[in-house]
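First comes the structure, then the notes that go with it.
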Amino acid sequence: MIREVAHLEIDPARTEDFLAGYRAAIPLFLAARGCRSVALERCVEQPGRFHLLVVWETLEDHTVHFRNSEDFQKWRGLVGAYFVAPPQVIHFKVEEPTTPN
């Protein structure tokens, strides 16, 4: 499994609009090939800073299949206007997933 971590900087005055766009885009991610989950974290100290966390089965499910899809363009159309800087995206291999007891 691969965890995509996207650091997003959003105009703090427009975060509610961004959040509405993100919520509308959740089905786009969940329908994507290899997408297992999607979540959004909001920084407490800096209200315009977010982390988008997406778990993919493979790196290519994100970098090839999703990024080259119409749904990726829809995602960017829903939220792209709220970015104050280009997203910084990195990927992590999930070595040892944990589950609650």
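The values are calculated or read from the model by the stated rules, or taken from the named source; none is laboratory data. Since the structure is predicted, the reported quantities are computational estimates derived from the model, not experimental observations. Positions of Cβ are backbone-derived with ideal geometry, glycine not excepted, and every protein chain shown enters the neighbour counts.
Give VAL5, VAL64, VAL55, VAL38 a once-over and let me know the one that is of a type in the set (Val, Ile, Thr), in contact with a Cys (Cβ under 8 Å, 6 or more places away or on another chain) and at pLDDT 95 or above.
Values: VAL5 fails: in contact with a Cys (Cβ under 8 Å, 6 or more places away or on another chain); VAL64 fails: in contact with a Cys (Cβ under 8 Å, 6 or more places away or on another chain); VAL38 fails: in contact with a Cys (Cβ under 8 Å, 6 or more places away or on another chain).
Just one listed residue meets the conditions, VAL55.
What is the one condition in (1) surrounded by 17 or more Cβ atoms within 10 Å (Cβ to Cβ); (2) without any contact (Cβ under 8 Å) to a residue 60 or more places away in the chain; (3) hydrophobic (A, V, I, L, M, F, W, C) that ALA20 does not satisfy?
The failed condition is (1).
Could you tell me which residue of region 31-41 is surrounded by the fewest Cβ atoms within 10 Å (Cβ to Cβ), considering only residues that are under 16 Å from VAL5 (Cα atoms) and not small (Gly, Ala, Ser)?
GLU41
Filter region 9-58 down to the residues that are β-branched (Val, Ile, Thr) and in contact with an Asp or Glu (Cβ under 6 Å, 6 or more places away or on another chain) and list them by number.
VAL54
Would you check if there is a residue in region 86-98 being closer than 17 Å to ILE2 by Cβ, loosely packed, with under 15 Cβ neighbours inside 10 Å and in contact with a Gly (Cβ under 7 Å, 6 or more places away or on another chain)?
For region 86-98, residues closer than 17 Å to ILE2 by Cβ, loosely packed, with under 15 Cβ neighbours inside 10 Å and in contact with a Gly (Cβ under 7 Å, 6 or more places away or on another chain): absent.
Scan region 1-33 for residues that are among the acidic types (Asp, Glu) and either farther than 13 Å from TYR82 by Cβ or part of a strand (DSSP E or B) (or both) and jot them down.
Of all residues in region 1-33, those among the acidic types (Asp, Glu) come to 4, 9, 11, 16-17.
Result: GLU4, GLU9.
Given (1) loosely packed, with under 15 Cβ neighbours inside 10 Å; (2) part of a strand (DSSP E or B); (3) not charged (D, E, K, R), identify the lone condition not met by VAL44.
VAL44 satisfies all of (1) loosely packed, with under 15 Cβ neighbours inside 10 Å; (2) part of a strand (DSSP E or B); (3) not charged (D, E, K, R) except (2).
Looking at region 47-61, can you tell me whether even one residue there is of a type outside the set (D, E, K, R), loosely packed, with under 13 Cβ neighbours inside 10 Å and part of a helix (DSSP H, G or I)?
no
Determine, yes or no, whether ILE26 is more than 11 Å from the chain's Cα centre (by Cα) and among the aliphatic types (A, V, I, L, M).
So ILE26 does not fit the description; no.
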